[in-house]
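Chemist: Handing you this structure, nothing more for now.
Every read-out reported here was derived from the displayed coordinates using simple, explicitly stated rules and does not represent laboratory data. Values in this document were obtained by computation on a predicted structure and should not be read as measured data. Backbone-built Cβ (ideal geometry, glycine too); neighbour counts: all protein chains shown.
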Amino acid sequence: MKIAIMGAMLEEVEPFLEVAEHEPLLEYFKKHTDTVYGGNIYHEAKYKGLDIVLAYSKIGKVNAGLTASMMIEKFGAEMLLFSGVAGAVNPQLKIGDLIAATHLCQHDLDITAFGHPHGFVPEGKVYVEPSQHLLHIAKEVADEKGINLKGGIIATGDQFIADPERKEWIQKTFEADAIEMEGAAVAVICDALNVPFFVLRAISDTADTDATFDFDEFLKHSSKVSSSFILAMIDKISDDYAK
Ligand code: SAH
């Protein structure tokens, strides 16, 4: 089983490499290979009987789409786990909280001039759903570790949202719980290519006027919260597949 672990920014994938220096992942990354392709570095190695490819895409939907496609088509990933940070829309989500996407949509995709709903293009769908199996594994990890993992709608767009009005519009239009800039792009690619995927985000800000300050302050911490959870999922997946 080959698994892709993906983030958007270096800070989001760094914890996976840092863990490698101390813990069992050491063996994994000691033997790893790096490939530079299309301006991204793909780290490949074995971990607990699984083949892993790890990369960050750079920010935004196009970059995320490229990296997800490469991980699947060039590196042969059969499953993709995204780890990163997001702005909270649902007031119940506080900085550092985790949200697993149950649905993902593109809040900036707009051909409403032709009578279509926001986020829709012909032959597409407004909401793409991740793997129920991976959501189930996430729930098991959360229950076992006593982590409060929320499930919800993640809205993606090529905009950093630091504006209460835009945030409210996205909330009302898509019933979104969190906003970020890559998840739905990854979702569309994986859905099209029939690759099970999972998008996890730890909240870094609340997408309001002070979002940039919070983001800078909490990026590293929230990235670590998200990556630790993904690693726990990988351990569980390895029990199932690495036989
Ligand atoms: N500070 C960075 C830019 C970060 S853009 C720089 O200067 O290079 C924000 C990133 O975090 C994106 O990858 C996005 O997925 C996520 N994100 C976190 N909070 C967000 C918000 N309020 N709106 C949109 N994306 C957000």
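Chemist: By how many degrees, 0 to 90 and rounded to 10, does the Cα axis of helix 164-174 deviate from the longest principal axis of the chain?
Modeler: The two axes meet at around 80 degrees.
Chemist: Angle, helix 10-22 long axis vs. longest principal axis of the chain, Cα atoms, 0 to 90°, nearest 10?
Modeler: Value to nearest ten degrees: 20.
Chemist: Roughly how big is the chain's charge dipole about its Cα centre, with Cβ charges of +1 (Lys, Arg) and -1 (Asp, Glu), in debye to the nearest 20?
Modeler: 580 debye
Chemist: OK, next. How much FRET efficiency would the formula 1/(1 + (r/R0)^6) give for residue 33 and residue 241, where r is the Cβ-Cβ distance and R0 is 30 Å, rounded to 0.05?
Modeler: So, using R0 = 30 Å, E works out to roughly 0.90.
Chemist: Please report the antiparallel percentage of DSSP beta bridges with both residues in the chain, rounded to the nearest 5.
Modeler: 35 percent
Chemist: Another one. Filter the chymotrypsin sites (Phe, Trp or Tyr not before Pro) in the range 61-162 down to the DSSP loop ones having no more than 11 other Cβ atoms within 10 Å, then list what survives.
Modeler: Hits after loop and neighbour filter: nothing returned.
Chemist: In addition: Using the Cα centre of the range 2-242 as origin and beta-carbon charges of +1 (Lys, Arg) and -1 (Asp, Glu), tell me which of 37, 102, 10 is placed farthest towards the positive end of the dipole.
Modeler: 37
Chemist: Sticking with this one: Amide H neighbours of residue 205 under 5 Å, counting only residues 5+ apart in sequence or on other chains, H built in-plane at 1.01 Å?
Modeler: Close amide H contacts, sequence-distant or interchain: 86, 88.
Chemist: Then there is this: Go ahead and run the numbers for FRET between residue 46 and residue 192, Cβ-Cβ distance against an R0 of 22 Å, rounding to 0.05.
Modeler: Once the sixth-power term is evaluated, E becomes 0.20.
Chemist: For Cα pairs less than 8 Å apart in space and 6+ apart in sequence, what is the mean separation divided by the residue count of the range 2-242, i.e. the relative contact order in percent?
Modeler: Relative contact order for the range 2-242 comes out at 27 percent.
Chemist: Taking the Cβ of residue 179 as the center, what net charge do the other residues with Cβ under 10 Å away carry, scoring Lys and Arg +1 and Asp and Glu -1?
Modeler: Net local charge, residue 179 excluded: 0.
Chemist: Which log10 I(q)/I(0) values, to two decimals, does the chain give at q = 0.13 Å⁻¹ under the Debye formula with one point per Cα?
Modeler: -0.73
Chemist: If we sort 230-238, 143-151 on the protection proxy, mean other Cβ atoms within 10 Å, highest first, what's the order?
Modeler: Packing proxy ranking, top to bottom: 230-238, 143-151.
Chemist: Moving on to the next point. Spin-label point model (7 Å from Cα, Cβ direction): what's the residue 163 to residue 133 distance in nm?
Modeler: Simple spin-label model gives 4.1 nm for this pair.
Chemist: Among 100-107, 161-168, 205-212, how do they line up by average Cβ neighbours within 10 Å per residue, starting with the highest?
Modeler: Result, highest mean first: 100-107, 205-212, 161-168.
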